[in-house]
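One structure is given here, and the rest of the page talks about it.
What follows draws every value from the coordinates through simple rules; no lab data is involved. Please read all numbers here as calculations on a predicted model, not as lab measurements. Note that each Cβ is placed from the backbone with ideal geometry, even for glycine, and that neighbours are counted across all protein chains shown.
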Amino acid sequence: MTDIIDDAQAYNELHQEVSLKNQLVHAQPETHPGFDGWHCVDCEDEIPAKRLGLGRVRCMDCQGHKDRVDAAARRNGRPEEA
């Protein structure tokens, strides 16, 4: 028979596993059919080399805007835009 501490530990391990998988998915390089390897897919400004090295396809301004739109959509119960 398990006790409450064993149950809590099992729940914690499951939570950590799911969180790690989510972070690994989020850290993957982005892809976009219109990405030329140098310019933001939204505004077409050149993306800084450090950001390109992280595998990103949007400049900081456009990514910030996309994040705010996505967060608002989640708050309102709408699916995120692709």
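To the nearest Å, what is the center-to-center distance of the stretch 51-77 and the stretch 1-37, using C-alpha atoms only?
Between the Cα centre of the stretch 51-77 and that of the stretch 1-37, the gap is 20 Å.
How far, in nm, would the chain grow between Asp42 and Gln23 when pulled straight, counting 0.36 nm per residue and subtracting the alpha carbon separation?
Separation in residues times 0.36 nm, less the Cα-Cα distance, equals 4.4 nm.
Place +1 on the Cβ of every Lys and Arg and -1 on the Cβ of every Asp and Glu in the stretch 24-82, take the dipole about the Cα centre, and give the residue among Cys40, Ala27, Cys62 whose Cα lies farthest towards its positive end.
Of the options given, the answer is Ala27.
Long-range amide H contacts for His39: which residues qualify at under 5 Å (H placed 1.01 Å from N, peptide plane, sequence gap of 5 or more or a different chain)?
Under 5 Å from the amide H of His39 lie the amide H atoms of Ile47, each far enough along the sequence or on another chain.
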